[in-house]
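A.B. asks: Dumping the structure here so I can ask a few things about it.
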Amino acid sequence: MKKIVLNLFAVAIVGLTVVACKSDAKEAKTGEVEAVAENVEAAKYKADAENSMIMWKANKIVGGHEGTINVSSGVAEFEGDKLVGGNFMFDINTIKCTDIPETEEANANLIGHLKSPDFFDVAQFGTAAFEITKVEGNNISGNLTLKGIKKNITFPASVAVNGDDVTITSDTFTLDRTEWNIMYNSATSDDVAASLGDKLIKDDVEIKISVKAKKA
């Protein structure tokens, strides 16, 4: 009986902490894979790999980590000043943690764990891909392929064109990592939440995408 009471108490604390730490970032709309339109006449802008990246933040019940993943290649397609398409590859091996100094052992340990099968499994899935399928107003939709799983996502973003240079910057949004089979320490049930306590990692990961590109 005492064990049951303790477990219920742990679940209650976990639930209250999740509510208290809830981010203002909106969850990206996720759906089935969509067709990628061909934009033969569109002007092509090549992504600047060094300055184009995903910024991520993963929260635990107590604490969390944040960092970046760089673009390895990519092209944005424009008709005039309007973004109409594009595709981008992200090199998961470039994943960095920015809240722990690189000189500390904890940084290397975390990056090693993120690259392991518990998370991204870079030995099998070294890259992620995003193909734009539709742009409506300030919403960009595209097929995100991660760990061999492809789903269409929609998120808000701003687009700026300045001569031969373009910048695409998303709002901060969240993705449910479990939809791409990243399950480590996920609160998939009350029993799991109770047993993990402050080791629980929230399923929603905060994402912000920044792409800088130059006319090809």
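The values are calculated or read from the model by the stated rules, or taken from the named source; none is laboratory data. A quick note: this is a predicted structure, and the numbers were derived from the prediction, not measured. So basically every Cβ, Gly included, is an ideal-geometry build from the backbone, and we count neighbours across all protein chains shown.
A.B. asks: What about GLU102, is it of a type outside the set (A, V, I, L, M) and farther than 19 Å from ILE207 by Cα? Lay out the reasoning, then the answer.
C.D. replies: Values: of a type outside the set (A, V, I, L, M): yes; farther than 19 Å from ILE207 by Cα: yes.
Yes, satisfied.
A.B. asks: Any idea how many residues of region 68-108 are on the phi > 0 side of the Ramachandran plot and in contact with a Leu (Cβ under 9 Å, 6 or more places away or on another chain)?
C.D. replies: 0
A.B. asks: Also, quick follow-up: For region 121-138, name all the residues that are part of a strand (DSSP E or B) and surrounded by 14 or more Cβ atoms within 10 Å (Cβ to Cβ). Lay out the reasoning, then the answer.
C.D. replies: Going through region 121-138, the residues part of a strand (DSSP E or B) turn out to be 127-136.
Scanning region 121-138 gives THR127, ALA128, ALA129, PHE130, GLU131, ILE132, THR133, LYS134, VAL135.
A.B. asks: Report, by residue number, each residue of region 97-115 that is part of a loop (DSSP other than H, G, I, E, B) and either modelled with pLDDT under 95 or of a type outside the set (Ser, Thr, Tyr) (or both). I'd like the intermediate steps shown before the answer.
C.D. replies: Taking region 97-115 first, the residues part of a loop (DSSP other than H, G, I, E, B) are 98-104.
Within region 97-115, ASP99, ILE100, PRO101, GLU102, GLU104 meet the criteria.
A.B. asks: Tell me the residue from ASN39, ASN59, ASN87 that is closer than 16 Å to ALA216 by Cα, of a type outside the set (Lys, Arg) and either at pLDDT below 95 or assigned to a loop (DSSP other than H, G, I, E, B) (or both), please.
C.D. replies: Numbers: ASN59 fails: closer than 16 Å to ALA216 by Cα; ASN87 fails: either at pLDDT below 95 or assigned to a loop (DSSP other than H, G, I, E, B) (or both).
Matching residue, one of ASN39, ASN59, ASN87: ASN39.
A.B. asks: Additional query: Might you check whether a residue that is in contact with an Asp or Glu (Cβ under 6 Å, 6 or more places away or on another chain), modelled with pLDDT of 95 or more and of a type in the set (D, E, K, R) occurs anywhere in region 155-164? Reasoning before the result, please.
C.D. replies: Just the residues of region 155-164 that are in contact with an Asp or Glu (Cβ under 6 Å, 6 or more places away or on another chain), to begin with: 156, 161.
Right, trim to modelled with pLDDT of 95 or more and you get 156, 161.
Checking the rest, the ones that are also of a type in the set (D, E, K, R) come to none.
The answer is no, given that none of the residues of region 155-164 is in contact with an Asp or Glu (Cβ under 6 Å, 6 or more places away or on another chain), modelled with pLDDT of 95 or more and of a type in the set (D, E, K, R).
A.B. asks: Residues of region 130-155 being within 15 Å of the chain's Cα centre (by Cα) and hydroxyl-bearing (Ser, Thr, Tyr), which ones?
C.D. replies: SER141, THR145, THR154
A.B. asks: Which condition does SER23 not pass, out of (1) modelled with pLDDT under 95; (2) on the phi > 0 side of the Ramachandran plot; (3) among the small types (Gly, Ala, Ser), if it passes all the others?
C.D. replies: The number of the failed condition is (2).
A.B. asks: Anything in region 97-120 that is surrounded by 17 or more Cβ atoms within 10 Å (Cβ to Cβ) and out of contact with any His (no Cβ under 8 Å at 6 or more places or on another chain)? List them, or say none. Full working, then the answer.
C.D. replies: Quick first cut of region 97-120, residues surrounded by 17 or more Cβ atoms within 10 Å (Cβ to Cβ) only: 97, 100, 107, 110-111, 114-115, 119-120.
Once the filter is applied, which keeps residues that are surrounded by 17 or more Cβ atoms within 10 Å (Cβ to Cβ) and out of contact with any His (no Cβ under 8 Å at 6 or more places or on another chain), region 97-120 yields ASN107, ILE111, LEU114, LYS115, PHE120.
A.B. asks: What number of residues within region 73-88 satisfy the criterion of being in contact (Cβ under 8 Å) with a residue 40 or more places away in the chain and surrounded by fewer than 19 Cβ atoms within 10 Å (Cβ to Cβ)?
C.D. replies: Of the residues in that region, 6 qualify.
A quick yes/no check of all residues on (1) over 13 Å from the mean Cα position of the chain (by Cα); (2) hydrophobic (A, V, I, L, M, F, W, C); (3) within 17 Å of PHE120 (Cα to Cα):
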site: GLU41; (1), (2), (3): yes, no, no
site: ALA58; (1), (2), (3): no, yes, yes
site: GLU66; (1), (2), (3): no, no, yes
site: ILE69; (1), (2), (3): no, yes, yes
